[in-house]
Each structure stands twice: as structure tokens, then as C-alpha cells.
Amino acid sequence: MCEQERGQAVLQLPPVAFKEQFGGKIESCGLVLSDVATSIAAPRDGRTRALDAALHQLSAPFAESYMDLNAATTSQTLYRKRPEERTLKTYKRRRVRRPTVPEVSDEIVFEILVWLPVKTLVQCKSVCKAWHAIISDPVFIRKHLQQSTKKHEQRPTFLIAPHILDKAIDSEAWPPTVCNNVPFYVWQEGKGSACLMHSTDFHGEFGSVYPMSHCDGLVILPTNTKVYVFNPATGGVLKLPDGHKYEGVFQTVGLGFDPHANKYKVVRFFYRSLDFSKMTYHTGMEVFTINGGDSCWRGTAVDPPYPLETQAPMHFKGSLYWHIDDQLLKRPVRGFLRFKLEDETFSFIRSPVSSDGDLLDLVELGDRLCLAQYLSDQIVIWMSPSGDDHGWDRRYIINLSEACYFRTLGMLNDGILIRKGNYLYRYDPTSKDAKEVVRLDHLRYKNPMAGSFDFVLEDLFFFNIIPYTESLVPLI
């Protein structure tokens, strides 16, 4: 079989057979796609030209069957030896044409594009209408998220948001002068620098910021005045409307995914009334559905049965888990309040330990809901297989000096990433050692438009840092 015939045979492969034969090269092909997609000038034939370059990486015979090698018309002038008999003669080369380029199915394009990073896919949307439709399809967005999750498991990525002060106030423990420029940097273990992914300036809309949370590429950042949801990879920003007026200093919000409705929801807990001296309270909870159509908060059918702490809730498999504030209870309970996003109902989840003054922190490790108990000289990590009230197993004991000052961030290459101030450590369960990975204030923070720089400590408030998986999930 000649080269051309082999190329045509590849074109006739079904999508499944194509993926099996060439799947190992799709990712490298994607790099070619990203270069071509940004340089296509004519949308009319951009798709064909981009696929030419991409498919060239998959199969040489396949690529050759796409090449249109039309020889330009040339002329040769021959002269006879004697001047009086010189006659001009022109010869034309035969034009060589290859077979017409067959159409590549959308299924094959889907399988190629799903491997690309979000930044490249945003650029690929402008190549042609067909690519824009594929990349914007909810099925593609969900499949791409699954690929991003696998990449994060193999090499975890963390999102860092340094917050600096416009003006330092010594008497304020949580100063209201935080800079309104919010940058997001991505960092991976082994790198001495973090690269800017997105930055937004809110021009004085808030004074303080609080710890952020993450779900499927979306990041929620609560402030003292507004609540913002970001997709740092796409540059999307959503400013949520004001909710019910609340008593107290903080508003507690969480972000999660409702698998039944296939929607992302922001849930806000607040106090309608609160009196610490009399230990009386009246709780409330509101839900905002992203891309829900109504663009407003709505109250839950039933108010939360317990007072909740200001600590941000933990999202795990379609539910948000809140810490119960025992200080407002006459008879303290040992557990957490679970809010199921699908039917928006509450349930009580028993804790394996009593706090008794010890700090407890919920965290997801290895696709499991975990409870970190911080003692004076060790961190005890309990694991719940399903996130319900079917029991907890004590999984890790991390011996550390001043362990109560540490916090657990997530998994890091078969280890556990823990934090103490600006120091990040990796705990190895095999050797049972915790080694310093990096100092957040010693990282170089790179901005493609302005080079790299450090943060001046006297102006630095704190570093927000969370595990991060990029996605195409839209906000509007």
C-alpha cells in the first residue's frame, strides 16, 4: 500500500479506533494545535489548516494525504545554437493534484481538544464556529474537567493569592485596608516561582478579605462587603448580589456542585439575630445558583438547626460541611452540620473526637473527607470513606513541634502538604518525616507583562492558598 493509500485508510477509521491507535500522541498534537490556532488569519479555512498541522504529528502518511503539492507553472526558454534560428519555446510542468481532503469528524476533534489547557482552548474558540461549539458544550466542559482532575492527581497544582495592605494599622488584627487588586498565581512543587494566571482590580469595593475556597476550577472569595466567584483560568468574575442583612462581623459562604441539577451553588449562612450574653440566636441560610436564571439569593425551606462557626465550610461530593459553634449551645454537640446541595436539607454528622479546646479542620485528602485534629505536638487525621455518619478511621499521626499552629492543605505526590505561616511542608507517610518544601514569601511571582518580583513583608497581609484544578466552567 502506498503512502497516499495508507493516509486515506487512517481517515476512514472510526473515532474509537482512531483514539486507540493515536491516543498516545494526542497531547503532543495539542501543542501544535495551540500554535496554529492563534495564527490562523482566515476563519474560512482555518479549521482545515489547523488540523493539517495537528494531524501531521499523528501519522506521517496521514499528513501526506492532506498536503496539496501544486507545482507552480514555470517556463523554460531554450535557444538553438545558431542566432538566426533562435526560437522561443515554452514548456509547462504538469500540475500534480492529490485527492480532495476528507472532512475530519467532530468526534476526533473532540478527543484532541479535550487534552489542551484552558488558556489554549479559549484561543481555539476563535478558530471557527465548529470549534467554538465543541469547546462550549457542557459535555466537553465536564470531560475536560475530568482530564484536569487526573492531571492534578499526578502533579498537584496550588493557587496562591497574595494579599497586601494599602496601609498598615497596628491596632487592627484583621485590618480593613487590604489592596483591592486580587491576583491569582499557580504553583507546583519543585518550582521556585509562581506564574500569574489572572488578576482583577475592584477599586475600593471591599476593605478585608477572608480565606477562599475552591470547587471544580471555581474560586469563591468572601470579603467584608461582597462575595466574588472567579474562574482564574478563563478570567471570568462574578460579583454576587447583596443577600439578607446579617448580625455579626463575618458572613460565612461556601461553594459546591449540585450533581442532580448540574449546577454550582453558593450557600451563605448568617444570623438574623445574635446575643452572646444571653446565648440566643436566630439562624438563616441563603442559596445562589450560578447560571440559575434568577440571579438572586433565595432562602432555604428550613433554617439551620445549629449555630455555625465563621470558618468556611468544606465541600465534598455534593455537600457542604459546617463546624457547629458550641459556644452558643447550652449542651454542646460533637459533630458537624451537613447541607446537601441536591435537596437542600440538613443532617448531623458525628465527629470521631471531642474538640475540648483542640482545633478541628475538615479537608479533602485523596478523594476522602478527612478531619484534622491539631494537638500540641501532633496532627491526627481521621478519614471518612463516604462523608456520611458511617464512622471514621484514624489514618495518620504526624508528630510535630507546635503542631497546633499548622494547617492541612491537601495531598502532594503521595504525601500531605501542611502549612505553618508562610512555610509549606510535605509529610511523607512512609518515612514519617515532614520536610520544608517552600516559603511562600521567598517564591518569585512572575507576571508575563511585568517580569518577576517579590512581596515586601511589611506590606504583606497574608497568602491565600488552596489546591486548584483548572476548568472551563462558565460563570454566566
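Here are some notes:
- Flag for Thr234 being in a loop (DSSP other than H, G, I, E, B) and either modelled with pLDDT of 95 or more or of a type in the set (Gly, Ala, Ser) (or both): yes
- Screening the stretch 154-202 for strands (runs of 3 or more DSSP E) wholly inside it with 2 or more residues that are among the hydrophobic types (A, V, I, L, M, F, W, C) and over 24 Å from the mean Cα position of the chain (by Cα) returns no ranges.
- Candidates Phe462, Phe455 - the one that is at pLDDT below 90, not acidic (Asp, Glu) and not in a strand (DSSP E or B): Phe455
- Of all residues in the stretch 209-226, those satisfying the criterion of being closer than 19 Å to Gly421 by Cα and either of a type in the set (S, T, N, Q) or under 14 Å from the mean Cα position of the chain (by Cα) (or both) are Met212, Ser213.
- Flag if Gln373 is of a type in the set (S, T, N, Q), under 18 Å from Thr430 (Cβ atoms) and in contact with a strand residue (DSSP E or B) (Cβ under 9 Å, 6 or more places away or on another chain): no
- Considering only residues in the stretch 122-153 that are part of a helix (DSSP H, G or I) and of a type in the set (Ser, Thr, Tyr), the one that is farthest from Thr234 (Cα to Cα) turns out to be Thr149.
- Some residue of the stretch 286-299 being closer than 17 Å to Ile349 by Cβ, surrounded by fewer than 20 Cβ atoms within 10 Å (Cβ to Cβ) and in contact with a strand residue (DSSP E or B) (Cβ under 6 Å, 6 or more places away or on another chain): no
- Conditions (1) under 28 Å from Asp367 (Cβ atoms); (2) over 23 Å from the mean Cα position of the chain (by Cα); (3) of a type in the set (A, V, I, L, M, F, W, C): number failed by Ala312: (2)
- Filter result (of a type in the set (D, E, K, R), under 28 Å from the mean Cα position of the chain (by Cα) and farther than 16 Å from Gln251 by Cα) within the stretch 269-297: Asp294
- Leading residue by the ranking (least open to solvent (accessible area, probe 1.4 Å)) among those in the stretch 342-357 that are in a strand (DSSP E or B) and not small (Gly, Ala, Ser): Ile349
- Qualifying residue in the stretch 322-329 (condition: touching a residue at least 60 places away in the same chain (Cβ under 8 Å), in a strand (DSSP E or B) and over 23 Å from Asp428 (Cβ atoms)): yes
- Condition check for Gly391: surrounded by 18 or more Cβ atoms within 10 Å (Cβ to Cβ), at pLDDT below 90 and either in contact with a Cys (Cβ under 9 Å, 6 or more places away or on another chain) or part of a loop (DSSP other than H, G, I, E, B) (or both): no
- Among residues of the stretch 214-231 being outside any strand (DSSP E or B) and at pLDDT 95 or above, the one that is surrounded by the most Cβ atoms within 10 Å (Cβ to Cβ) is Gly217.
- Scanning the stretch 298-316 for residues that are over 15 Å from Thr252 (Cα atoms) and of a type in the set (Phe, Trp, Tyr) yields a total of 1.
- Boolean, Leu159 is touching a residue at least 60 places away in the same chain (Cβ under 8 Å), touching a Phe, Trp or Tyr at 6+ places or on another chain (Cβ under 8 Å) and aliphatic (A, V, I, L, M): yes
- Residue within the stretch 358-380 that is at positive phi and surrounded by fewer than 16 Cβ atoms within 10 Å (Cβ to Cβ) present: yes
The values are calculated or read from the model by the stated rules, or taken from the named source; none is laboratory data. What you see is a predicted model; the values in this text were computed from it and never measured. So basically every Cβ, Gly included, is an ideal-geometry build from the backbone, and we count neighbours across all protein chains shown. To get the accessible areas, we keep the full protein, side chains included, count just its heavy atoms, and leave off ligands, DNA and RNA. Shrake-Rupley method; radii C 1.70, N 1.55, O 1.52, S 1.80 Å.
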